[in-house]
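Participant: Just dropping this structure here.
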Amino acid sequence: MAFTGNYMCTSFKNELLYGVHDFDASTGDTFNIALYDSNATIDASTTAYSATDEVSGTGYSAGGQALTNVNPTTSGTTAFTDFADETFTTATITARGALIYNTTPNTTSISVSNPSVVVLDFGADKTSTAGDFTIVFPTADASNAIIRIA
């Protein structure tokens with residue numbers, strides 16, 4: 001097992017300060033979620049999407065699927081954003097975790113390609129056989145949203 005937890009990627013934190021990522025729901029960047037098997041070595045140091053150890057199977061295409069952004073907001077001193085739940089339909093796959101990455105980053109200040117945002121560890125292999133494989137994101141609030149900056 002190479003997954004060791006959920007992480008906000010360190011490179012993502014740096015890229016925020018360069019204005020690389022825009023999470024606006026209507027005009028923002030496109031963020032994808034790619035699924036990986038238990039051999040994948042992705043963690044906080046992951047800087048970009050890679051096809052290495054990405055799952056393959058019916059109902060899944062390399063690079064994953066585009067997510068639906070939820071507008072960023074704040075509560076108290078915490079800013080946060082989230083995504084709508086994502087389903088890979090009629091999928092026959094086994095995944096141990098996922099990577100959320102930006103397919104349309106702003107490269108005005110720095111050069112990046114498919115920069116990583118968040119690593120998700122499912123805690124164990126999750127399988128679907130000719131069925132829906134759904135990623136359920138936590139509640140979009142200051143304590144639970146998938147991306148929180150306090």
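The values are calculated or read from the model by the stated rules, or taken from the named source; none is laboratory data. Note that this is a predicted model, so its numbers are computed, not measured. Every residue, glycine among them, receives a Cβ derived from its backbone with ideal geometry; neighbour counts consider all protein chains shown. Side chains are part of the model used for accessible areas, which takes the heavy atoms of the whole protein and leaves out ligands, DNA and RNA. Shrake-Rupley method; radii C 1.70, N 1.55, O 1.52, S 1.80 Å.
Participant: I'm trying to understand the selection: among the residues of the stretch 88-111, which are touching a strand residue (DSSP E or B) at 6+ places or on another chain (Cβ under 7 Å) and either under 26 Å from residue 142 (Cβ atoms) or not in a strand (DSSP E or B) (or both)?
Facilitator: Residues satisfying the conditions are 97, 98, 99, 100, 101, 102, 103, 105.
Participant: Hey, another quick one. Limited to the stretch 49-72, what total is found for residues that are open to solvent by less than 70 Å² (accessible area, probe 1.4 Å), closer than 19 Å to residue 15 by Cα and either modelled with pLDDT under 95 or part of a strand (DSSP E or B) (or both)?
Facilitator: The qualifying residues number 1.
Participant: Please determine whether any residue of the stretch 35-48 is at positive phi, open to solvent by 40 Å² or more (accessible area, probe 1.4 Å) and either at pLDDT 95 or above or among the β-branched types (Val, Ile, Thr) (or both).
Facilitator: no
Participant: Just one of (1) surrounded by 15 or more Cβ atoms within 10 Å (Cβ to Cβ); (2) more than 11 Å from the chain's Cα centre (by Cα) trips up residue 31, so point out which.
Facilitator: (2)
Participant: Being farther than 17 Å from residue 8 by Cβ, in contact (Cβ under 8 Å) with a residue 12 or more places away in the chain and either surrounded by fewer than 21 Cβ atoms within 10 Å (Cβ to Cβ) or polar (S, T, N, Q) (or both) is true for just one of 104, 81. Which residue is that?
Facilitator: Residue meeting the stated conditions: 104.
Participant: If I filter the stretch 13-28 down to residues being out of contact with any Pro (no Cβ under 7 Å at 6 or more places or on another chain) and not small (Gly, Ala, Ser), which single residue comes out as surrounded by the most Cβ atoms within 10 Å (Cβ to Cβ)?
Facilitator: 22
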